[in-house]
Each structure stands twice: as C-alpha cells, then as structure tokens.
Amino acid sequence: MSLRSRRDCQALNKLSETEIKPSHHLLRKMRYSKGLQKGQLLSSYLQDKALLFVEDTLYKDLQKLS
C-alpha cells in the first residue's frame, strides 16, 4: 500500500459519526451517470471544478455580507 493510500485510509477512519452519512452520499453522487465511465467516480479534475463552483457561488455571497 502506498503512503498516499495509507493517509487516505487514516483520514477515512477519522471521520466523525456526523460526517459518515454525508461522505457516503458524496461517494454515491459524484459518479459518471452515462458513457464508458458510467458508475465510476468523477475524475479529480471534475471534483476540483465542482468545488470551485461551490466556492465561487456560495461563498462569494457570504463575502459580500462581510
């Protein structure tokens, strides 16, 4: 097992009870719904793009309030 894999496993083991259900939901939802990769997790690139979208839209409105 690589060092990165061990760190990922450790991070999963440290999830709190309140984080387990949302994490499970995230893993179920962040998958390709069509095409050759259907059912596979979205690429790291697409995950990063999704996070940027959330940060740019959701948090942008919060910054205006400050």
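I need the shape label for the chain. Rule: rounded when a/c is under 1.5, else prolate if a/b > b/c, else oblate, with a, b, c from the alpha carbon gyration tensor.
Because a/c hits 1.5 or more and a/b fails to exceed b/c, the chain counts as oblate.
Can you compute the helix-only [θ] at 222 nm over the chain? Use -39500 (n - 2.57) per DSSP H run of at least 4 residues, normalise by all residues, nearest 500 deg cm²/dmol.
For the chain, the value works out to -18500 deg cm²/dmol.
Each residue of region 31-47 in order: what ³J(HN,Hα) in whole Hz does its phi give by Karplus 6.51 cos²θ - 1.76 cosθ + 1.60, θ = phi - 60°, with x for Gly and Pro?
Each residue of region 31-47 in turn: 10, 5, 9, 9, x, 5, 9, 3, x, 7, 4, 4, 4, 4, 4, 5, 4 Hz.
L42's amide H: which non-local residues (gap 5+, or another chain) put their own amide H closer than 5 Å, with H modeled 1.01 Å from N in plane and none for Pro or chain starts?
Residues meeting the amide H criterion: R31, Y32.
Of the lysine pairs in the chain, how many meet both conditions: Cα atoms under 18 Å apart, and a spacing of 8 or more in sequence or different chains?
The number of close lysine pairs in the chain is 4.
I want to check the label-to-label distance for L42 and R7. Put each point 7 Å from Cα in the C-beta direction and report it in nm to one decimal.
Here the modelled spin labels are 2.3 nm apart.
Size of the dipole of the chain about the Cα centre, Lys and Arg at +1 and Asp and Glu at -1 on the beta carbon, nothing else charged, in debye to 20?
Magnitude of the dipole: close to 320 debye.
Throughout, read-outs are computed from the coordinates displayed, never taken from laboratory work. These numbers come from a predicted model, not from an experiment. Cβ coordinates were reconstructed from backbone atoms using ideal geometry, including for glycine residues, and neighbour counts include every protein chain displayed.
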